[in-house]
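The values are calculated or read from the model by the stated rules, or taken from the named source; none is laboratory data. This is a predicted model, so every value here is computed, not measured. Heads up, the Cβs are rebuilt from the backbone with ideal geometry, glycines too, and the neighbour counts pull from every protein chain shown.
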């Protein structure tokens, strides 16, 4: 049996490394594309994947590699994060928006069977618009950041390429904070876990604000479910984890790491403060997605991985 070839853009990054690991377990042939690969996150599977230096903003480079590796499916994760997008909007347009179009064009022209791309709740704007009202995929997008505007653009273009060209495109929109070993954004939460693990004092800048916490393994699972889902009625899917406050996350860490020295700043607020309540009925019904990790279970797994791989991960 010939293995199915899946290309993951941003494949050596935080989420990409978990997706790659799972696909290797499922016996896919995995091609990881990155402009600057992070080999520290894929040490355990490095001999089981192909790592390619490729700039997704260069359509020729991308097309060449899709053809070279006979790619049948693409999972598109390569993206500038929120802060860099805000500081460099011109680069965000080139990488985030231009890169997405290049992926769609490459898929269309090389007869790729499906493109799954990660989206973001940042496309909805801030939590103040919604309060305690759950958001579904039909809720209008009201981005307030460059990053969010790029994600809204992705949503539109995914539907456009499906309607106009018949390209099989599926978008997955994870919950508020995707967390786990290897994360490079939300550094305050990474510090909460990893400094506490090392016995260092840490100050957490938020307290009673509610957050949707989605463990990275749940995010990876949602993307893989989207890769293989049949008879889809829709092209974009919200997923989620568990809604808890930052203070509750601190409590979880203290229970798992007795003696952790953690100070909580009651005054500083999360900015921008994204929505945290989501209706995932569509993802349940069409993708078969259901969160597997509570906040406690996710943090415990994160800490267990730190113990197992101590010294291997650098951020």
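Worth a mention:
- Taken together, the residues in region 54-68 that are within 20 Å of the chain's Cα centre (by Cα) and within 16 Å of residue 37 (Cβ to Cβ) amount to 3.
- On the stretch given as region 133-192, residues that are under 30 Å from residue 303 (Cβ atoms), touching a residue at least 24 places away in the same chain (Cβ under 8 Å) and not in a helix (DSSP H, G or I) total 14.
- Top-ranked residue in region 193-209 [being over 23 Å from the mean Cα position of the chain (by Cα) and assigned to a strand (DSSP E or B); ranked as modelled with the lowest pLDDT]: 203
- Annotation: residue 182 fulfils all but one of (1) buried (at least 21 other Cβ atoms within 10 Å of the Cβ); (2) within 22 Å of residue 276 (Cα to Cα); (3) out of contact with any strand residue (DSSP E or B) (no Cβ under 7 Å at 6 or more places or on another chain); the unmet one is (2).
- Those strands (runs of 3 or more DSSP E) of region 1-86 in which at least 1 residues are closer than 20 Å to residue 171 by Cα and in contact (Cβ under 8 Å) with a residue 12 or more places away in the chain, considering only elements entirely within it, cover 5-9, 29-34, 73-76.
- Candidates 92, 122, filtered to the one that is in contact with a helix residue (DSSP H, G or I) (Cβ under 8 Å, 6 or more places away or on another chain) and either under 27 Å from residue 280 (Cβ atoms) or not in a helix (DSSP H, G or I) (or both): 122
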